[in-house]
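Student: Below are the structure tokens for one structure; questions will follow.
The values are calculated or read from the model by the stated rules, or taken from the named source; none is laboratory data. A quick note: this is a predicted structure, and the numbers were derived from the prediction, not measured. Note that we place each Cβ from the backbone using ideal geometry, even for glycine, and neighbour counts take in every protein chain shown. These accessible areas exclude ligands, DNA and RNA; they are computed on the full protein's heavy atoms, side chains included. Shrake-Rupley method; radii C 1.70, N 1.55, O 1.52, S 1.80 Å.
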Amino acid sequence: FEPGSTVKPFTIAAAIQSGEYEPDAVLDTHPGHITIGRKVLVDPVNYRDLDLRGILRKSSQVGISKIAMSMDHSIIQTMFQEVGFGESTNIGFPGESSGLMPKRSRWRDIERANFAFGYGFNVTNLQLAQAYLVLANNGVLKPLSLLRTDEPVQGRRVMDADVARVVSDMLRSVTEKGGTGTKARIEGYNVAGKTGTVHKQAKGKRGYAEDRYFALFAVMVPAENPRV
């Protein structure tokens, strides 16, 4: 499936890690929509000025698109690949999909924007969970297993620890008042996660259906020291 806005945290992580954006950077999303080529990308309302935390909290298409358009596309694509998208997890389960990561020599502007908020490539549930595991492990990608492993598991750093912690903290605001995932709040726990609403492919024709969706949510609990 296309992961939609559940990958916006990794676009934000790529922006911060590149040095082109500070965590407290503010973007003007006025007037609540942006035209890229012949496509108009729209936020539910005009959020005006949003910092990076606000872009995740409100899941702003305008904000994330402006970030994507301001950066070299390879920065975001490399981050997505580093957290495991487009590659098998090698968990050993028969028939596991590798998802689909496009390889283009040239990217149109709308393709760059769509990619940054989770359209134009496919992932599996396990790949999405593995990517969030990178945030939970302070930037370290660890191999997955169907069996319990009691020995320490060696991982590979794919994201700066400070960046992973900052983005994870931003994701707490998604489940707090004003965020898109408030129904995921759990009494007694801090919950960090990201919603995603993805249009399904239209049956029998090109493009997307206007009234058919995948509803997604990726989450880490407890946010400050994830166990799940």
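Student: Shape of region 1-56 from its Cα gyration tensor (a ≥ b ≥ c, root eigenvalues): rounded if a/c is under 1.5, otherwise prolate when a/b > b/c, or oblate? Walk me through the intermediate numbers first.
Tutor: Details: a/c = 1.79, a/b = 1.22, b/c = 1.47.
Oblate.
Student: Taking the Cα centre of region 24-117 as origin, work out the dipole magnitude from +1 charges on Lys and Arg Cβ and -1 charges on Asp and Glu Cβ, in debye rounded to 20.
Tutor: With Lys and Arg at +1 and Asp and Glu at -1, about 380 debye.
Student: Oh, and also: Lysines within cross-link reach of residue 39: Cα-Cα under 17 Å, excluding same-chain residues under 8 positions apart?
Tutor: Candidates past the 8-residue exclusion: 66.
Student: Can you give me the long-range amide H partners of residue 213? Hydrogens built in the peptide plane at 1.01 Å from N, cutoff under 5 Å, separation of 5 or more residues or another chain.
Tutor: So residue 213 has HN proximity to 200.
Student: For the chain, what is the largest minus smallest coordinate of the Cα atoms on each principal axis, given in angstrom and ordered from greatest to least?
Tutor: Rounded to whole Å, the extents work out to 53, 41, 34 Å.
Student: May I pose another question? For region 148-228, just run the numbers: alpha carbon Rg, then divide by 2.2 N^0.38 Å, N being how many residues it has. Provide the component values of the computation, followed by the final result.
Tutor: Working: Rg = 17.1 Å, N = 81, 2.2 N^0.38 = 11.7 Å.
In units of the globular-protein estimate, region 148-228 measures up at 1.46.
Student: Sticking with this one: Kindly sort 171, 141 by accessible area of their heavy atoms, largest first, with the probe set to 1.4 Å. Don't skip to the end; give the middle numbers.
Tutor: On the way: 171 0, 141 25 Å².
Highest to lowest solvent-accessible surface, that is 141, 171.
Student: Taking square-rooted eigenvalues a ≥ b ≥ c of the alpha carbon gyration tensor, is region 1-131 rounded, prolate or oblate, where a/c under 1.5 means rounded and, failing that, a/b exceeding b/c means prolate? Don't skip to the answer; put the middle values down first.
Tutor: Numbers: a/c = 1.92, a/b = 1.73, b/c = 1.11.
Judged from the Cα gyration tensor, region 1-131 comes out prolate (a/c at least 1.5, a/b above b/c).
Student: Could you look at the chain and say what percent of its accessible area is carbon and sulfur, using a 1.4 Å probe and all protein chains? If you can, show how the numbers build up before the last one.
Tutor: Numbers: 5930 of 12360 Å².
Carbon and sulfur together cover 48 percent of it.
Student: Kindly report, to the nearest 10 Å², the accessible surface of residue 22 as traced by a 1.4 Å probe over protein heavy atoms only.
Tutor: Per-residue accessible area (residue 22): approximately 110 Å².
Student: With every protein chain present, what accessible area does residue 59 have (1.4 Å probe, heavy atoms only), rounded to the nearest 10 Å²?
Tutor: Taking all protein chains as shown, residue 59 has close to 20 Å².
Student: Nothing charged except the Cβ atoms of Lys and Arg (+1) and of Asp and Glu (-1): what's the magnitude of the dipole of the chain about its Cα centre? Round to the nearest 20 debye.
Tutor: Working: 29 positive and 24 negative charges, 177 e Å.
Here the size comes out at about 840 debye.
Student: For the chain, what is the calculated [θ] at 222 nm in deg cm²/dmol (nearest 500), taking -39500 (n - 2.57) for each run of four or more DSSP H residues and dividing by its residue count?
Tutor: Working: 7 runs with 69 residues, N = 228.
Dividing the helical sum by the residues of the chain leaves -9000 deg cm²/dmol.
Student: Ok, one more. Sequence gap at least 6, Cα distance under 8 Å: using those rules, report the relative contact order of the chain to the nearest whole percent.
Tutor: Numbers: 410 pairs, mean separation 49.8, N = 228.
Value for the chain: 22 percent.
Student: Which order do 199, 73, 33 take by accessible area at a 1.4 Å probe, largest first?
Tutor: Numbers: 199 55, 73 20, 33 90 Å².
Accessible-area ranking of 199, 73, 33, largest first: 33, 199, 73.
Student: A further question on this structure: Can you give the accessible area of residue 224 in Å² (nearest 10), computed on protein heavy atoms with a 1.4 Å probe?
Tutor: Surface open to solvent at residue 224 totals about 120 Å².
Student: Sticking with this structure for a sec: Across 5 Å bins from 0, what is the distribution of all Cα-Cα pair distances for region 26-94, in whole percents?
Tutor: 3, 15, 20, 17, 15, 11, 7, 6, 3, 1
Student: Also: What does the accessible area per residue of region 99-218 come to in Å², with a 1.4 Å probe and no ligands, DNA or RNA counted? Write down the numbers at each step before the final one.
Tutor: Values: 7340 Å² over 120 residues.
Computed with neighbouring chains in place, this is 61 Å² per residue.
Student: Moving to a separate point now. Rank these residues by their accessible area, most exposed first, probe 1.4 Å: 165, 108, 53, 227. Intermediate results must be reported in sequence, preceding the final value.
Tutor: Details: 165 115, 108 150, 53 75, 227 200 Å².
Greatest to least solvent exposure: 227, 108, 165, 53.
Student: Related question: For region 83-218, what does the convex hull of the Cα positions come to per residue, in cubic angstrom?
Tutor: On the way: hull volume 24.3 nm³, N = 136.
Taking only Cα atoms, region 83-218 has a hull volume of 178 Å³ per residue.
Student: Pop a pseudo-label 7 angstrom from the Cα along the beta-carbon direction at both residue 109 and residue 87 and give the gap in nm to one decimal.
Tutor: Here the answer is 3.3 nm between the modelled labels.
Student: Quick one: length gained pulling residue 33 to residue 227 fully straight, 0.36 nm per residue minus the C-alpha distance? The partial results should precede the final answer.
Tutor: Numbers: separation 194, 0.36 × 194 = 69.84 nm, distance 3.79 nm.
Between residue 33 and residue 227, full extension yields an extra 66.1 nm.
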